[in-house]
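See below for the structure under consideration.
Every number in this text was worked out from the coordinates using simple rules, so none of it is lab data. Computed from a predicted structure; not experimentally measured. For neighbour counting, all protein chains shown are included, and Cβ atoms are generated from backbone atoms with ideal geometry for every residue, glycine included.
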Amino acid sequence: MLYEKVKQTAEFISARVALKPETGIILGTGLGGLVEKIADKVVLDYSDIPGFPVSTVEGHSGRLIFGKLSSRSVAAMQGRFHYYEGYDAETVAFPVRVMKELGVKRLFVSNASGGLNPSYSVGTLMVIEDHINLIPNPLIGKNDERFGVRFPDMRHAYDPALIELAFEVAESCSIALERGVYVATAGPTFETPAEYRFFRIIGGDAVGMSTVPEVIVARHSGLPVFGISIVTDLGVEGKIFSITHEEVQREGAKAEAKMTALISEMLSRIN
Ligand code: HPA
């Protein structure tokens, strides 16, 4: 059973890591550099953690890193799991259940996306205000009430107070931020021009292949979420060019300094 598996994995970790993390972070595109800012690190390879899936994508290594960031205790996932790798959505989000069991009080996530909003440019940072999920839901199947309710409310998938904090920090650090709706698609293909148009019409500001399974599971277990997306290419008519994973990574890396500054400062201002 999932519940027992989560407990076992969390117990394995607790027996090896003394630090009690308060904030869980999924280091998606743009947040890789945050690792260097984590002090007193204890690192576990995903392959050494019983129950953990193993990441297969190039550019996404797999380690769970515990330590202090802005003097806050964090558990940071370096490398995440994607639905397009062949894991079901429940497996993609499994580490979030484990982090919750380890005691985290909130979840931070980042990702790369294609911009749909015509006012966006490559390099735009978009705070995720809401999402449209087009990946199968990770909560499909029998519900275990020990995690959360059968029909979770999704009015505030992304925590309004954390969004507000992000804009306060951005202003004081002179970081430009947008806010918008993230459309989650299974991938692994990037969109056809018609698909980009469709995602814009249904209300999206950016589209990507991750994050939402983890966010749904976090909300199911009552964790407030903060999400931010780096626009690495554009799905806007007249601005659509051929795109590769390498270009996404390269554009993501350019945003790293701003992203790490924003997240570390947000953490230092929490509580
Ligand atoms: N589409 C989907 N996922 C993405 C994109 C995109 O254009 N860019 C980065 N991740």
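Listing for the model above:
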read-out: Cross-link partners of K5 among aspartates and glutamates (Cα-Cα below 20 Å; sequence separation of 8 or more within a chain); value: D45, D48, D88, E90, E101, D144, E145, E214
read-out: The chain, Rg to Rh (Cα coordinates; Rh as Kirkwood inverse mean 1/r); value: 0.94
read-out: Partners for K258 among lysines (Cα-Cα distance below 20 Å; same-chain residues under 8 apart left out); value: K37, K68
read-out: Helix-only [θ]222 nm of the chain, DSSP H runs n ≥ 4, -39500 (n - 2.57) each, per residue, nearest 500; value: -8500 deg cm²/dmol
read-out: Whole-angstrom gap from the stretch 159-186 to the stretch 1-60, using each part's C-alpha centre; value: 25 Å
read-out: 18 Å cut-off, amide nitrogen to a point 7 angstrom out along R179 Cα→Cβ, residues in the stretch 248-265; value: 262-263
read-out: Computed Rg/Rh of the stretch 116-229, alpha carbon atoms with Kirkwood Rh; value: 1.00
read-out: Whole-Hz couplings from phi, Karplus 6.51/-1.76/1.60, listed for the stretch 168-182; x for Gly and Pro; value: 4, 5, 4, 5, 6, 9, 6, 10, 7, 10, 10, 10, x, 9, 9
read-out: Quotient of Cα Rg and 2.2 N^0.38 Å for the stretch 1-139, N being how many residues it contains; value: 1.08
read-out: Nearest 10 degrees, 0 to 90: helix 245-254 Cα axis against the chain principal axis; value: 80 degrees
read-out: Rounded to the nearest 20 debye, dipole of the chain from Cβ charges on Lys, Arg, Asp, Glu; value: 660 debye
read-out: The stretch 218-271 - Kirkwood radius from inverse mean 1/r over Cα pairs (Å); value: 13.8 Å
read-out: Debye equation applied to the C-alpha atoms of the stretch 99-177, log10 I(q)/I(0) at 0.21, 0.22, 0.25 Å⁻¹; value: -1.24, -1.30, -1.44
read-out: Other-chain or far-sequence residues with amide H under 5 Å of I132's (modelled H); value: Y182, V183, A184
read-out: Order by protection proxy (mean Cβ within 10 Å, highest first), peptides 65-77, 242-254, 217-229; value: 217-229, 65-77, 242-254
